[in-house]
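Single-structure report; data block below.
The values are calculated or read from the model by the stated rules, or taken from the named source; none is laboratory data. Quantities reported herein were computed from a predicted structural model and do not represent experimental measurements. Note that each Cβ is placed from the backbone with ideal geometry, even for glycine, and that neighbours are counted across all protein chains shown.
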Amino acid sequence: MTVNLIKLCVGIETVEHLAQVQAARRDAAKARGETPQLRHLTRNMPRRREEVLDGGSLYWVIKGIIQVRQRIIGLEHTERDNGSPACAIIYDSEHVRTEPRAFRAFQGWRYFPVDKAPADLGVMSGNTADLPPEMVAELRELGLL
């Protein structure tokens, strides 16, 4: 059974800003002669590794709102610069915008069940694609969408 991960996107203002930061990281890796893949280092390897790798995505919470996801393509044991063990969450560069949904702050990452995840914008009901994500999330919380 597939399970997703959810993570706060600290220091990022918008989905476009996230894309710019990630593109810069890929370019920097390429310039260093490394594989230009997107990866996020975290302390622990998910215990539900196989479920995450069975089609799971990394959902990003930007400014308190789930707005985008990226498909997880790998989980690897690695080390931080100081030599401490870590897990690299490797994810696809494609940004799939999701139905905006408010989400409270938390530390680290969390498992995010498929049935709790917001729908991709392409399959969202209603014509809200042109509205700011904060407004859509508030309207949804009020039961107006």
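Observations, loosely collected:
Yes/no matrix, rows are residues, columns are (1) under 21 Å from C87 (Cα atoms); (2) crowded, with 16+ Cβ neighbours inside 10 Å; (3) free of Cβ contacts under 8 Å to residues at least 12 places away in the same chain:
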{"site": "I12", "(1), (2), (3)": "no, yes, no"}
{"site": "E16", "(1), (2), (3)": "no, no, yes"}
{"site": "G33", "(1), (2), (3)": "no, no, yes"}
{"site": "L38", "(1), (2), (3)": "yes, yes, no"}
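- The condition of being farther than 23 Å from R97 by Cβ and under 16 Å from the mean Cα position of the chain (by Cα) holds for L75.
- Hey, A102 aliphatic (A, V, I, L, M), over 22 Å from V21 (Cα atoms), surrounded by 14 or more Cβ atoms within 10 Å (Cβ to Cβ) and in contact (Cβ under 8 Å) with a residue 60 or more places away in the chain or not: no
- Selection status of R80, touching a strand residue (DSSP E or B) at 6+ places or on another chain (Cβ under 9 Å), of a type in the set (D, E, K, R) and under 28 Å from P132 (Cβ atoms): no
- Once segment 129-138 is narrowed to residues that are out of contact with any Pro (no Cβ under 8 Å at 6 or more places or on another chain) and modelled with pLDDT under 75, the residue that is farthest from V68 (Cα to Cα) is E138.
- Residue under evaluation R97, criteria (1) surrounded by fewer than 14 Cβ atoms within 10 Å (Cβ to Cβ); (2) part of a strand (DSSP E or B), criterion not met: (1)
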